Amino acid sequence: MPFIVFEGLDGSGKSSLMERLEELLKRQGIDYVRTREPGGTLLGEELRHFLVRTQGEAPTPRAELLLYEAIRAQHVDRLIRPALQNGRWVICDRYVASSIAFQAAGRQISEEWVRTLNDFATDGVFPDLVVLLDLSVAAAKRRREKRNRERGESDDRIESEAEQFHHRVRESFLEQARSADAARWLVLDAEAEINQLQMLLEQELKRRDWIK
Ligand code: TYD
C-alpha cells in the first residue's frame, strides 16, 4: 500500500493539500489513515507537547532528536506498519526528512547520526512518495502569522527559531529532493493555487497507477 508523506516549512500548506487528498481517496473508495509526526499514537501525541511548548525546560538538540525518533519508532510499530499490512494507505504529515532538515541542517547535528537514528526508528518502513511543498522562508512566515492571528495562537518553540534556521531547513528539503532518492519525491511550488496543487498530486498518483 502507498505510504505518502508531506513535508515543508511550517505554514507551507501541508494540511490543506492533505485534506484534498483525503477527499480524493474517499471518492475513490480507498481505505486510508491520516496521521502526523510528532504524534500519531497516544504516547506520541503526549510527547509532542514537550517538543512544541514554549514554556518549561527545552530539550537540548540531542535530546530533541531522540524524542522525535522515539515518537517515530512508536508510530511505525503501533500505527504505520500495521495499517500498511492491513491494506490501508498511510498519509502522514512529516517523517524522516523532517529530522534531516530540522535536526541535522537546522540544529546542525551530524547528518550521519540523524540518518542512523532514522533507520533505527523506521525499521525499514520508508515512504513511497514524499510531497514537498516548497515555499520561501518569508512567505511561510507570513502564512504562519496569518494563521496565528486567526487562531489567537503564537509561534511554537521550533517556529520561533531565527530566520537562518528556517533557511537551512528549506535548503535541506530541496537538497534531499534532488538526492539519489529523487524518484520518490514530488516537489510542488506552495505558492500555487490549491486546485492546481491538487491536480499535480492527482497526476502523480495516476502516473504511479495508484488511483484510476
Ligand atoms: P508540525 O506538526 O508540522 O507543526 P504544526 O503544528 O505547526 O503544523 O510539526 C511540529 C514541529 O516539529 C515542526 O516545527 C517541525 C518539527 N519537527 C522536527 O523538528 N523534527 C522532526 O523529525 C519532525 C517530525 C518535526
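Results, tabulated for the structure shown:
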item: Failed item, numbered, when His75 is tested on (1) more than 14 Å from the ligand (Cβ to nearest atom); (2) in a helix (DSSP H, G or I); result: (1)
item: Residues that are in a helix (DSSP H, G or I) and more than 23 Å from Asp189 (Cβ to Cβ), drawn from region 130-163; result: Asn148, Arg149, Glu150, Arg151
item: Residues (surrounded by 15 or more Cβ atoms within 10 Å (Cβ to Cβ) and of a type in the set (Lys, Arg)) located in region 101-158; result: Arg107, Lys141, Arg143, Arg144, Arg157
item: Residue tally, condition more than 11 Å from the ligand (Cβ to nearest atom), among the hydrophobic types (A, V, I, L, M, F, W, C) and under 21 Å from Gln108 (Cβ atoms), over region 43-65; result: 2
item: Inter-residue pairs, beta-carbon under 6 Å, first more than 15 Å from Arg157 (Cβ to Cβ) and in region 61-74, second assigned to a helix (DSSP H, G or I) and away from the ligand (no atom under 12 Å from the Cβ), 6+ apart; result: Gln74/Leu43
item: Residue match in region 163-170 (condition: within 20 Å of Asp10 (Cβ to Cβ), away from the ligand (no atom under 13 Å from the Cβ) and without any contact (Cβ under 8 Å) to a residue 24 or more places away in the chain); result: yes
item: Filtered residues of region 1-42 (kept if away from the ligand (no atom under 15 Å from the Cβ), assigned to a helix (DSSP H, G or I) and over 16 Å from Asp128 (Cβ atoms)); result: Arg20, Glu22, Glu23, Leu24, Lys26, Arg27, Leu42
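Results for (1) at pLDDT below 95; (2) among the aromatic types (Phe, Trp, Tyr); (3) touching a helix residue (DSSP H, G or I) at 6+ places or on another chain (Cβ under 9 Å); (4) surrounded by 17 or more Cβ atoms within 10 Å (Cβ to Cβ), shown as yes or no for each residue.
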{"site": "His166", "(1), (2), (3), (4)": "no, no, yes, yes"}
{"site": "Glu171", "(1), (2), (3), (4)": "no, no, yes, no"}
{"site": "Gln176", "(1), (2), (3), (4)": "no, no, yes, yes"}
{"site": "Ala183", "(1), (2), (3), (4)": "no, no, no, no"}
{"site": "Glu193", "(1), (2), (3), (4)": "no, no, no, no"}
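The values are calculated or read from the model by the stated rules, or taken from the named source; none is laboratory data. Keep in mind that this is a model prediction, so the values were computed, not measured. Using ideal geometry, Cβ is built from the backbone for each residue, glycine included, and neighbour counts are taken over all protein chains shown.
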